[in-house]
Structure formats: C-alpha cells, structure tokens
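These notes concern the structure reproduced below.
The values are calculated or read from the model by the stated rules, or taken from the named source; none is laboratory data. It should be emphasised that the depicted structure is a prediction, and the values quoted were computed from it without experimental measurement. Neighbour counts are summed over all protein chains in view; Cβ atoms, including those assigned to glycine, are modelled from backbone coordinates with ideal geometry. Heads up: the accessible areas ignore ligands, DNA and RNA and are worked out on the full protein's heavy atoms, side chains in. Shrake-Rupley method; radii C 1.70, N 1.55, O 1.52, S 1.80 Å.
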Amino acid sequence: MEKNEKNEDVFLDQSLRPNKWNEYIGQNHIKNNLKILLEAALLRNHPPEHILFYGPPGLGKTTLAHLIAKETGRQMKITSGPAIERVGDLASILTNLAPGDIIFIDEIHRLNKAIEEVLYPAMESGVLDIIIGKGPSARTIQLDLPPFTLIAATTRIALLSSPLRSRFSGGVFRLEFYNEDEVGEIIKRSAVLLGTELDEGGQKEIAKRSRFTPRTANYLLKRCRDYAQVNKKDLDKDMVCKALDMLEIDELGLTSSDRKVLEIIIDKFGGGPVGLGTIAAATSEEEATVEEVVEPYLLQLGLIERTPRGRTATRKAYEHLDFEYPENSQDKLL
C-alpha cells in the first residue's frame, strides 16, 4: 500500500468517528453507565474517575475515549503502552497535564511493570514518586499531580496485573460484538460521510460479512466504494458482492486464511481433533496468529470447537465448505 493511501485511510477513519453520543451506535450498556459517571462528576465539579475499556479490536474503545473528552470539554493526551518505555516518559506526560485533563493509554497491557508501579500512586493518590540516584544515596521525590482522568484500552485484559485493574474506580467495561442491524446503521452513516450512495441490499451484504465489527465494516465499505468507482458503476448489492469476492471474503465474513484453517482441519486431519501447533505448521502461520486472529471468529460462528485433544471442525464448517459431514465424527471426541 502506498504511503498516501495509508494517510487517506487514517484520515477517513478519523472522519468516520462519531463526535456525539447519539452518533455512537451500539454498546448501550456502556453508554448509559458513562453518562451517569460523567454527569455525576460534572455535578461534583471533579474529573471523572479512571476508566478501562477492553474487548476485541475495532469495537470502539478509542472512539469512546474521544467522546468522553468531547463530553467533558477536556483536553486529551493520547499515547500507548509500547510508547512509554521509561519511567521518565510517563513522568513527562503526567507532569504536563492541566487540571481535569484526560490521558488515554491504548494497549495498556504492554506497559512495563516498573512503569505500572509508578502509575499506581498517580492514579490513586495523585502523586508521582520519582527515585533519584542509586544505592544507599538514592532518594525519593514526591510530586503532586493535578486532578486527571486516565482512560485505558486493552485487547488482552488478562495481561493486566490485578493491582492496576483495581485502580480503575470509574469502571471496567467490556465492549461486545455488534449485531447486523447495528453494523448496518454504522455503514449507512459512514456511506453518507463518504459521499457514497449505497443501496439497502449492498448495506446488508457488507454488514453480513463485517465480522460484527465496525472497523471491519468501514474498511469493507471503503474498498467496495473504490471498486465501484474504478468500474464506474453504482454501489449496489451486485457491485458489493463482486468487490468482496475479489477480497476473498465470503458470505460469513471468512477470509482466505480462515477457510484455509478449516480446510486443513477437515481435509488433512479428518475434521480433527488436531493441535494448534500442527495447524500453524500446516498453514505456515505463527501459533499466536492462528489462536488470536483466526480462531476467535471461527469459534464465535460455531465453525470449530476446542477440545482437550485439539481443535475439531463442526457440522456447520463442513456444510459451509461443501464437505460431506461424517456422521460418526463425534466418536473422535470420546
């Protein structure tokens, strides 16, 4: 992908991001809780308490952080776990905050443990403990910090230490996958912002293949728009299907990598059970890629099962790939 195309996609992603609560579709349980939290903080004239969002990528964690900043009228400084390499990096960010500012840390599970230790008192007591020197001559300086709100996001909450999780006193919220109707509304709004005319059939087709994820839906919409524009055709259901077929995304939203995993389990290993390492070797993928990128969606759709002996393909997987389902396949699990 060319550099200018990457920059265009980044700009489009930002332009498609909701700017008001009523533009944010889905996640109603989180929105309702946040509205109470923010209104209560406003009535007390105090910054909102620290908030943690977690869940799969592309569901709107960063967008919620931006909406909170807009709702409170506060400045938000954005960083990420890997970007904070040293204690001095965190100290620089925290000491430059104005009262009431928001700091957003994406992928917070990738913070260094030493930096976590410095973050605890900052979140809980509003102070920053800095150790100067080493050995017997080392001394600690305590700096008072202005009141601030930390909003954090992670895709792997299990990697966060328990002490860090417990300090998010404003709430720990899990973002759920969207349903097709919600994704359809998001696509409809995005098409308007992109200046693209999309018929209802095309909208439903993209929603069906979006993996229940807004980010994926917007990506597919942009690629379908490109395909229709190059072919000088209206963006209807037929053009959407042709564009998605070119991207090798089928009617369930499976990519070629997803189907390859299913085909290997069914065709090479008789439907399983087969171990993760064997699947990774057979597909020439890393085990982590298969487990964290491919498997979650296949499990969500009920196309594979995890058993003590390995992964097995379900009847639904056989039917989707047009393989004959062996009626005695359940014997393998015993």
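Here is a check on your reading of the model: is Arg223 touching a residue at least 60 places away in the same chain (Cβ under 8 Å), open to solvent by less than 60 Å² (accessible area, probe 1.4 Å) and on the phi < 0 side of the Ramachandran plot?
In short, no.
For the stretch 164-174, give me each residue that is in a helix (DSSP H, G or I) and crowded, with 17+ Cβ neighbours inside 10 Å.
Across the stretch 164-174, the qualifying residue is only Leu164.
Given the options Val172, Val230, Val183, name the one that is of a type in the set (A, V, I, L, M) and under 30 Å from Ser125 (Cα atoms).
Val172
Need pairs with beta-carbon distance below 8 Å; first residue touching a residue at least 40 places away in the same chain (Cβ under 8 Å) and within 17 Å of Met123 (Cβ to Cβ) and within the stretch 83-99, second open to solvent by 50 Å² or more (accessible area, probe 1.4 Å) and part of a loop (DSSP other than H, G, I, E, B); sequence gap 6+ or separate chains.
What qualifies is Pro99/Pro147.
Can you name the number of the only condition in (1) at pLDDT 85 or above; (2) closer than 27 Å to Lys77 by Cβ that Leu143 fails?
(1)
For the stretch 242-334, give me every one of the helices (runs of 4 or more DSSP H) that falls completely inside it and has 2 or more residues that are without any contact (Cβ under 8 Å) to a residue 60 or more places away in the chain, out of contact with any Pro (no Cβ under 7 Å at 6 or more places or on another chain) and open to solvent by 20 Å² or more (accessible area, probe 1.4 Å).
256-263, 276-283, 315-320
Can you confirm whether Glu85 is open to solvent by 50 Å² or more (accessible area, probe 1.4 Å), closer than 20 Å to Ser166 by Cα and not basic (Lys, Arg)?
No: the conditions fail for Glu85.
List the number of the failed condition for Ile186; all other conditions in (1) farther than 28 Å from Pro56 by Cα; (2) in contact (Cβ under 8 Å) with a residue 40 or more places away in the chain; (3) among the aliphatic types (A, V, I, L, M) hold.
The one condition Ile186 does not meet is (1).
Find the residue count for the stretch 38-65, including only residues that are open to solvent by 20 Å² or more (accessible area, probe 1.4 Å) and either small (Gly, Ala, Ser) or closer than 15 Å to Gly100 by Cα (or both).
Qualifying residue count for the region: 8.
Taking the stretch 199-211 as the search range and keeping residues that are outside any helix (DSSP H, G or I) and in contact (Cβ under 8 Å) with a residue 40 or more places away in the chain, which one is farthest from the chain's Cα centre (by Cα)?
Arg209
Consider Phe177 carefully, then state whether it is surrounded by 16 or more Cβ atoms within 10 Å (Cβ to Cβ), of a type outside the set (D, E, K, R) and part of a loop (DSSP other than H, G, I, E, B).
yes
Which residue pairs have Cβ atoms under 7 Å apart, sit 6 or more places apart or on different chains, and have a first residue in the stretch 24-35 that is farther than 14 Å from His66 by Cα and a second that is buried (at least 20 other Cβ atoms within 10 Å of the Cβ) and of a type in the set (Val, Ile, Thr)?
Ile25/Ile186
Kindly evaluate Asp236 against the criterion of being at pLDDT 85 or above and closer than 23 Å to Lys204 by Cα.
In short, yes.
Could you list, in sequence order, all residues of the stretch 148-163 that are more than 27 Å from Arg211 (Cα to Cα) and either in contact with a strand residue (DSSP E or B) (Cβ under 6 Å, 6 or more places away or on another chain) or buried (at least 20 other Cβ atoms within 10 Å of the Cβ) (or both)?
Phe148, Thr149, Leu150
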